[in-house]
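The values are calculated or read from the model by the stated rules, or taken from the named source; none is laboratory data. Just so it is clear, the model here is predicted, and its values are computed rather than measured. Cβ coordinates were reconstructed from backbone atoms using ideal geometry, including for glycine residues, and neighbour counts include every protein chain displayed.
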Amino acid sequence: MEQRKSPFLCGVRIVPGLLLLICFHVPRLYAHHDTSMRTDLNFSYTFNEQFQAVSYVFIQADQNISNYDYGEWGIGLQYQTPLSWLSFLIYYQQGYSKDDDRHWELEQKPSVNMNTKVTFSGFKISNQIRFEYRIRPELNDYRIKNTLVISRPDLIFQLQPYIGWEMFYENHDKALMLNRIKLGISRNIGSHVSIGPYYRIDLSNINSGWEWTRQLIGFHVTINY
């Protein structure tokens, strides 16, 4: 009897090709949306089975990749509970954005995060709920961010495709103000380093309607010890 392959599995296998196609062709097709580019560096260090230090830094160019106007760094401590699927993270982040007068403004974002993860049929499903307090020159308020990621480690050629969804609730607006959809590929380089490109689209809540406001092409380097 002929063995049929899962349509879902076949779909995941073509994610790398679709990602490359999007990265090269979407900016041309949707030139009226702002196009950004980001470079991420992530670092984590595991002390023991319970505690892990995490940090990151990235720089971003907006306005059709013509102006490096945003940068951010963060550092945190993650606690793994006795439950393998549950951990908590305390984070402190600082973001620097350039205003119209080319002055840099500082935003501070301390946060508390709850992380959950499960594995189902070889797919890793993780979710993070973040409660952060935004300290900005013009306004201080909190927001809630939810991040869902589905990945398939080492699917083909040691590539790890993934898809993510980020959702932002701003207390100041009393509404969901931003949705992000992200496609990416990672590849392990040795036992401590992974690298890969990703593509993201931003959908913003403008006048109670959702508009595609940004597309972002990024590349990450992640170091784990």
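Considering I223, I185, I156, which residue is buried (at least 17 other Cβ atoms within 10 Å of the Cβ), under 25 Å from F123 (Cβ atoms) and touching a residue at least 40 places away in the same chain (Cβ under 8 Å)?
I185
Go through the residues of segment 100-121 one by one and say whether even a single one is under 25 Å from Y79 (Cβ atoms), in contact (Cβ under 8 Å) with a residue 12 or more places away in the chain and aromatic (F, W, Y). Within segment 100-121, none of the residues are under 25 Å from Y79 (Cβ atoms), in contact (Cβ under 8 Å) with a residue 12 or more places away in the chain and aromatic (F, W, Y).
Just to be sure before I move on: is Y79 under 21 Å from D40 (Cβ atoms) and either of a type in the set (F, W, Y) or at pLDDT below 95 (or both) in the structure I sent?
It is false that Y79 is under 21 Å from D40 (Cβ atoms) and either of a type in the set (F, W, Y) or at pLDDT below 95 (or both).
For segment 32-54, the set of residues classified as surrounded by fewer than 16 Cβ atoms within 10 Å (Cβ to Cβ), free of Cβ contacts under 8 Å to residues at least 40 places away in the same chain and either of a type in the set (G, A, S) or part of a strand (DSSP E or B) (or both) consists of F51, A53, listed by residue number.
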